[in-house]
Amino acid sequence: MPYAEEEDTRKVQTAVIGRAASDRPVFLPYDHDDFDRFMRGRTRDDFYCGILLGGCGKRLSPKRYTDKKCHFAHRPPVHCRRTEVGEDSADHLYIGRAVADWLGQQGQRAVHVVYKPEGHQVREVVDVSYEAGRRLIRVQLARRSKREWEGANAELRVRHPELDWLFGPDSLLANWQVERQGYALRVQCRSLGTTRAVEIGTQFPDRPVEWTSLSECTLTPEGIVTPNLLHT
């Protein structure tokens, strides 16, 4: 049976390493050969069902199989109510860390990431602030109505004069951002070997979203600039 057709909520594909409250995500590849590469330099006690993943905080054990997909498993007794366990369930952590690292490469210091802003649950939004909080990148992953988004935008701009929005790959809010400023920026992750690579998409009216690596983007006084924005 193809991996995507298997249904088992206890087959966890993502974890965090170091401690239960860590924001350092890992993605366990399905294939046993990739599993072996993934485990190099790691021990079976390194992985946790992270709190920032909506998990229980307990240790997870990596399981290697040749006849079905490899996955993490909870150690008994199991009392975990984590609902999202697939390969995209840690994307908010991959995105938060990638954006923070990218800002550092752009010369920014004192970058602060919040994975559960007040009034939100994990995996809904990620806030990355810099320049002493004057500037903010809000990563909007959960679906919201236009009214909710406009209210959040107005509230955030009171505290952060410079605000950039990154919308999830399926967000309808990006369409309203396009109407307002002529383009919108999206963000997504895709599996690349033993990790999840972060990509930024540029959306223009009546054109497909053009995706590029976050590393190819530039920070300017006006905000995040993708290669596609430079070429327009």
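Descriptive notes on the structure:
- Verdict on Glu179 being charged (D, E, K, R), open to solvent by less than 50 Å² (accessible area, probe 1.4 Å) and more than 15 Å from Gly223 (Cα to Cα): no
- Which listed residue is polar (S, T, N, Q) and in contact (Cβ under 8 Å) with a residue 40 or more places away in the chain, from Ser89, Ser129: Ser89
- All positions within segment 51-69 that are assigned to a strand (DSSP E or B) and touching a Leu at 6+ places or on another chain (Cβ under 7 Å): Pro62
- Pairing residues of segment 148-176 that are touching a residue at least 60 places away in the same chain (Cβ under 8 Å) with residues that are open to solvent by 40 Å² or more (accessible area, probe 1.4 Å) and part of a loop (DSSP other than H, G, I, E, B), at Cβ distances under 8 Å and at least 6 apart in sequence or on separate chains, gives Glu162/Glu131; Glu162/Arg134.
- Residues that are crowded, with 20+ Cβ neighbours inside 10 Å and closer than 24 Å to Pro227 by Cα occur in segment 146-165; there is at least one.
- Qualifying positions in segment 90-106 - open to solvent by 10 Å² or more (accessible area, probe 1.4 Å) and either outside any helix (DSSP H, G or I) or not hydrophobic (A, V, I, L, M, F, W, C) (or both): Asp91, Tyr94, Arg97, Asp101, Gly104, Gln105, Gln106
- Among (1) open to solvent by 30 Å² or more (accessible area, probe 1.4 Å); (2) in contact with a Ser or Thr (Cβ under 7 Å, 6 or more places away or on another chain) - the single one Ala73 does not satisfy: (1)
- The residue of segment 204-220 that is nearest to Leu173 (Cα to Cα), among those that are over 19 Å from the mean Cα position of the chain (by Cα) and open to solvent by less than 50 Å² (accessible area, probe 1.4 Å), is Phe204.
- Taken over segment 102-117, the residue count meeting the criterion of being under 13 Å from the mean Cα position of the chain (by Cα) and at pLDDT 95 or above is 3.
- Residue under evaluation Val198, criteria (1) of a type outside the set (Ser, Thr, Tyr); (2) touching a Cys at 6+ places or on another chain (Cβ under 7 Å); (3) not in a strand (DSSP E or B), criterion not met: (3)
- Flag if Glu131 is charged (D, E, K, R), surrounded by fewer than 18 Cβ atoms within 10 Å (Cβ to Cβ) and on the phi > 0 side of the Ramachandran plot: yes
- Boolean, Gln121 is touching a residue at least 12 places away in the same chain (Cβ under 8 Å), open to solvent by less than 50 Å² (accessible area, probe 1.4 Å) and assigned to a loop (DSSP other than H, G, I, E, B): no
- Some residue of segment 147-167 being part of a loop (DSSP other than H, G, I, E, B) and farther than 22 Å from Thr218 by Cα: no
The values are calculated or read from the model by the stated rules, or taken from the named source; none is laboratory data. None of the values given here were measured: they were computed from a predicted structure. Cβ coordinates were reconstructed from backbone atoms using ideal geometry, including for glycine residues, and neighbour counts include every protein chain displayed. Accessible surface is based on the protein model in full, side chains and every heavy atom, while ligands, DNA and RNA are left aside. Shrake-Rupley method; radii C 1.70, N 1.55, O 1.52, S 1.80 Å.
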